[in-house]
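A short worksheet on the structure shown next.
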Amino acid sequence: MATQQLEPSATGSRRQAGKYLTFTLHNESYGIEVLKVREIIRQTTITTVPQMPAYVRGVINLRGKIIPVMDLRLRFGFADAASTEKTCIIVVQVKLPDGKSTQMGLVVDGVEEVANIPAADIEETPDFGGQIATDYIVGMAKIKGAVKTLLDIDGVVGADALKTISMSATLSTAAQTK
């Protein structure tokens, strides 16, 4: 397994070299650290949970374990789209605000590849102005002439969303055992 190399930029942010799973969302390419990925599964039946944010699709039963599922398209504010044969769920390990980890499913438009990205091919996140938060972006990678946005999946999910989703998964599990 390759070691990951962190290179601080002049502004103190990090560019993290390593292996990334790249995927598409709203005709754009993104990447997440492959070490965060547990598995990739086909789109399956998702049980809705009431009073969740629109981007939380619900929960799935994955081999007896209840896993919350988030639609990244909706999380990023893109329009909802019909599922295709390429639509899938990436199951990732995310860190909870209390330091514990949990699994979460992320609905994406399609998976591309696992790419080994050297630090030299990762640029800092551009400054979009003070109004736009980019804390969840690790950097912008140049791969085969295309730009892919590298995501910090813990930052994408966010502490507030994780708390809400954790509570809903607990409630759903309790309801299913009755």
Note to self: Using amide H atoms built in the peptide plane, which far-off residues or other-chain residues are under 5 Å from E112 H to H?
What the structure shows: T22, F23, T24
Notebook entry, point to check: Using the Karplus equation 6.51 cos²θ - 1.76 cosθ + 1.60 (θ = phi - 60°), what ³J(HN,Hα) coupling, rounded to whole Hz, does each residue of the stretch 81-94 give in order, writing x for Gly and Pro?
Noted result: 9, 5, 5, 10, 5, 8, 4, 8, 10, 9, 8, 10, 9, 10
Item checked: Sequence-distant residues sharing a close amide H with S29 (under 5 Å, placed H) -> T149
Next item on the list: Loop only per DSSP, at most 16 neighbouring Cβ atoms within 10 Å: give me the trypsin sites (Lys or Arg not before Pro) in the stretch 60-145, ordered by residue number.
Entry: R63, K86, K100, K144
Check: So who's got an amide H within less than 5 Å of the one on R57, skipping anything under 5 residues away but keeping other chains? H placed 1.01 Å off N, in plane.
Finding: V69, M70, D71
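Every read-out reported here was derived from the displayed coordinates using simple, explicitly stated rules and does not represent laboratory data. Because the structure is predicted, anything quoted here is derived from the model rather than measured. Cβ sites come from the backbone with ideal geometry, for glycine too, and all protein chains shown count toward neighbours.
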